[in-house]
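The values are calculated or read from the model by the stated rules, or taken from the named source; none is laboratory data. Not measured: the values here are computed from a predicted model. Positions of Cβ are generated from backbone atoms using ideal geometry, with glycine treated the same way; all protein chains shown enter the neighbour counts.
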Amino acid sequence: MSALEIVQLEVGLLQNLCEVIGCSRTGQAALVDPAFEVDRLLHVAEQRGWTITTILLTHTHDDHVAGLDEAALATGAVVRCHPVEVEVARRLAPRVEAVADDEVIRIGDGELRALYTPGHTPGCVCWFVPEPAAVITGDVLFVGSCGGVSYSGSDPAAMVDSLQRRLGSLPEQTRVYPGHDYGQTPTSSLAWEFANNPALLADTVETFRAYKGLPARG
Ligand SMILES: [Zn+2]
Ligand SMILES: [Zn+2]
């Protein structure tokens, strides 16, 4: 396994962050959450001589898949997402395959691992890149905050488990690439987040619900 190159772009009017992740030796690349401005995302790959063979989704909220039909058509790439998101993704792209929890996806000489992280939606996936240590968190974790848990299918207790147990199991130097540029910086590290982010400092369901302004269960 060798290191992948990660290029982050901010697109659209909702401060969405997307990534193009490539293997410089083979030119194989993945595109994460083709949200908006697909031409700019494809241009990143073209500039580097990369071919996008895989499109990875963190979840299928509209602001993360608004450009999926265009990106799938332009690249012919296979779309990978959580099983509960497959139906929505298939309305936008012809080639969609569910990913299993902890499944490893090869991109050239590098790899990514799917982490099921429900809570914001039931089908949220964070994508961990072991080399260089990085995690693409979608709307699960933002720099200094986290995604909402008041959507249809949201589950605050699952969110706490995803944040504490799943993301907490990754190396602390792991670079965090969130789905929106809502923090002081576009990326950070898990070490910084676990030390400073109130969404992670609220490490029980009760304190997390209070952080989110949700009524205590009772
Ligand atoms: Zn979302
Ligand atoms: Zn979003």
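Just for region 16-35: of the residues that are part of a loop (DSSP other than H, G, I, E, B) and within 16 Å of ligand 1 (Cβ to nearest atom), which one is farthest from Ala3 (Cα to Cα)? Among residues in region 16-35 that are part of a loop (DSSP other than H, G, I, E, B) and within 16 Å of ligand 1 (Cβ to nearest atom), the one farthest from Ala3 (Cα to Cα) is Ala35. Restricting Gly123, Gly110 to residues that are within 14 Å of ligand 2 (Cβ to nearest atom) and not polar (S, T, N, Q) narrows the list to Gly123.
Of all residues in region 36-62 being surrounded by 17 or more Cβ atoms within 10 Å (Cβ to Cβ) and over 20 Å from Glu5 (Cα atoms), which is farthest from ligand 1 (Cβ to nearest atom)?
Glu37
When region 128-151 is filtered for residues that are away from ligand 2 (no atom under 14 Å from the Cβ) and farther than 20 Å from Asn197 by Cα, the ones remaining, listed by number, are Val129, Pro130, Glu131, Pro132. Taking strands (runs of 3 or more DSSP E) as the structural unit, those lying wholly within region 77-187 and holding at least 1 residues that are charged (D, E, K, R) correspond to 78-81, 96-98, 104-107, 110-116, 175-178. Contact map, region 125-140: residues that are in contact (Cβ under 8 Å) with a residue 12 or more places away in the chain and aromatic (Phe, Trp, Tyr) paired with residues that are in a loop (DSSP other than H, G, I, E, B) and more than 12 Å from ligand 1 (Cβ to nearest atom), Cβ distance under 8 Å, separation 6+ or inter-chain. Pairs shown: Phe128/Leu170; Phe128/Thr174. Would you point out the residue of region 134-151, among those that are among the small types (Gly, Ala, Ser) and more than 19 Å from Ala210 (Cβ to Cβ), that is surrounded by the most Cβ atoms within 10 Å (Cβ to Cβ)? Among those that are among the small types (Gly, Ala, Ser) and more than 19 Å from Ala210 (Cβ to Cβ), it is Gly138. For region 42-72, enumerate the residues that are within 16 Å of ligand 2 (Cβ to nearest atom), closer than 21 Å to Glu97 by Cβ and not in a loop (DSSP other than H, G, I, E, B). The answer is Leu56, His64, Val65, Leu68. Sub-7 Å Cβ pairs linking a first residue in region 146-158 that is of a type in the set (Phe, Trp, Tyr) to a second residue that is at pLDDT 95 or above and crowded, with 18+ Cβ neighbours inside 10 Å, at least 6 apart or interchain, are Tyr151/His120; Tyr151/Thr121, ordered by first then second residue.
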